[in-house]
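Enquirer: My questions all concern the structure below.
What follows draws every value from the coordinates through simple rules; no lab data is involved. A quick note: this is a predicted structure, and the numbers were derived from the prediction, not measured. In this analysis, Cβ positions are derived from the backbone assuming ideal geometry, glycine residues included, and neighbour counts consider all displayed protein chains.
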Amino acid sequence: MAKASKRVLPKVFVDRSAIHGEGLFAGESIRKGRRIIEYKGEKVPSGEGTTRSRDDEELTYIFTLNDKYDVDGSVNGNEARFANHCCDGNAWVDIIRNRIWFIAERSIAEGEEITFDYRLQGEELYECVCGAGNCRGYMNDADDELMKKVKTGH
Ligand SMILES: [Zn+2]
């Protein structure tokens, strides 16, 4: 009685990015609100993932799922892990039934890079060079404690 309602996802591909390294790109135009891709990877207890990849100077492929778990895109991950941060991203993240989905925040043209605001939290500030007009200068969440210090420090 399985309903054959397998969701058709838009085509995406990985290519060299103007922002950083490789990025995720739209292989077809994607309308606003459409699910783009699931961020796949190994589910690991919170915190474990960050220590795992700390030695890597690249930004990690750790994605916070909830209070208890992260998803490590470097293990059994998919193209979603290549999505770069942009302070003015064209996608946002929704957790649907404990799965991480990128959703189009606006219409995305074929060939356009798919980006989202990482909103990082934690002990470090990560500089941002996304080039957006409203770039915060950091990939950290605007409400992150560290960001507040940056703001008051000026
Ligand atoms: Zn930025």
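Enquirer: What are the residues whose amide H is under 5 Å from the amide H of Leu120, where those residues sit 5 or more places off or on another chain and H is modelled from the backbone?
Expert: Asn140, Asp141
Enquirer: Among DSSP beta bridges whose residues both lie in the chain, state the antiparallel percentage, nearest 5.
Expert: Numbers: 26 of 30 bridges.
Percent antiparallel among DSSP bridges in the chain is about 85.
Enquirer: Which peptide among 107-118, 26-37 comes first, and what is the full order, when sorted by highest mean count of other Cβ atoms within 10 Å? Intermediate values should be presented prior to the final figure.
Expert: Values: 107-118: 18.0, 26-37: 16.0.
In descending order of packing, they fall as 107-118, 26-37.
Enquirer: Still on this structure: Met147: net charge of surrounding residues, Cβ under 14 Å, Lys/Arg +1, Asp/Glu -1, itself excluded? Kindly include the intermediate steps, with their values, before the conclusion.
Expert: Values: positive: Arg119, Arg136, Lys148, Lys149, Lys151; negative: Asp117, Glu123, Glu124, Glu127, Asp141, Asp143, Asp144, Glu145.
So the surrounding residues net to -3.
Enquirer: Just the C-alpha atoms of the range 5-154: what Rg/Rh do they give, with Rh taken as the Kirkwood radius?
Expert: Details: Rg = 15.3 Å, Rh = 15.9 Å.
Ratio of gyration radius to Kirkwood radius for the range 5-154: 0.96.
Enquirer: Beyond a 23 Å Cα-Cα separation, which of these cross-linked pairs lie in this structure: Lys40/Lys149; Lys68/Lys151; Lys11/Lys32; Lys43/Lys148; Lys6/Lys32?
Expert: Numbers: Lys40/Lys149 33 Å; Lys68/Lys151 30 Å; Lys11/Lys32 15 Å; Lys43/Lys148 31 Å; Lys6/Lys32 20 Å.
With Cα atoms farther than 23 Å apart: Lys40/Lys149; Lys68/Lys151; Lys43/Lys148.
Enquirer: Let me ask another. Show the residues, 5+ positions off or on another chain, whose built amide H is closer than 5 Å to the amide H of Leu65.
Expert: HN-HN under 5 Å from Leu65: Asp70, Val71.
Enquirer: Extent of the range 84-154 along each principal axis, from alpha carbon coordinates, in Å, largest to smallest?
Expert: Rounded to whole Å, the extents work out to 40, 30, 15 Å.
Enquirer: Hey, another quick one. Karplus couplings for the range 62-77 from phi (6.51 cos²θ - 1.76 cosθ + 1.60, θ = phi - 60°), rounded to Hz, Gly and Pro as x?
Expert: Listing the rounded values in order: 8, 10, 6, 8, 7, 4, 9, 10, 10, 10, 9, x, 7, 10, 6, x Hz.
Enquirer: Give me the net charge for the shell around Asn66: Cβ to Cβ below 12 angstrom, other residues only, Lys and Arg +1, Asp and Glu -1.
Expert: On the way: positive: Lys43, Lys68, Arg97, Arg99; negative: Asp67, Asp70.
Net of charged neighbours comes to +2.
Enquirer: With a 10 Å radius around each residue's Cβ, average the other Cβ atoms per peptide and rank 124-134, 14-24, highest first. Let's see the in-between values first.
Expert: Working: 124-134: 13.1, 14-24: 15.1.
Final packing ranking: 14-24, 124-134.
Enquirer: Which of Ile96, Asn78, Val150 sits closest to the plus end of the dipole of the chain, meaning its Cα is farthest towards the positive end, when Lys and Arg get +1 and Asp and Glu get -1 on the C-beta?
Expert: Ile96
Enquirer: Here is a further query. Students often check this: by mean Cβ neighbours within 10 Å, which of 80-93, 63-76 ranks highest, and how do the rest follow?
Expert: Details: 80-93: 21.4, 63-76: 16.9.
Highest to lowest by the protection proxy: 80-93, 63-76.
Enquirer: Under the rule of at least 5 residues apart or a separate chain, name every residue whose amide H is placed under 5 Å from the amide H of Ile36.
Expert: Result for Ile36 returns Phe102, Ile103, Ala104.
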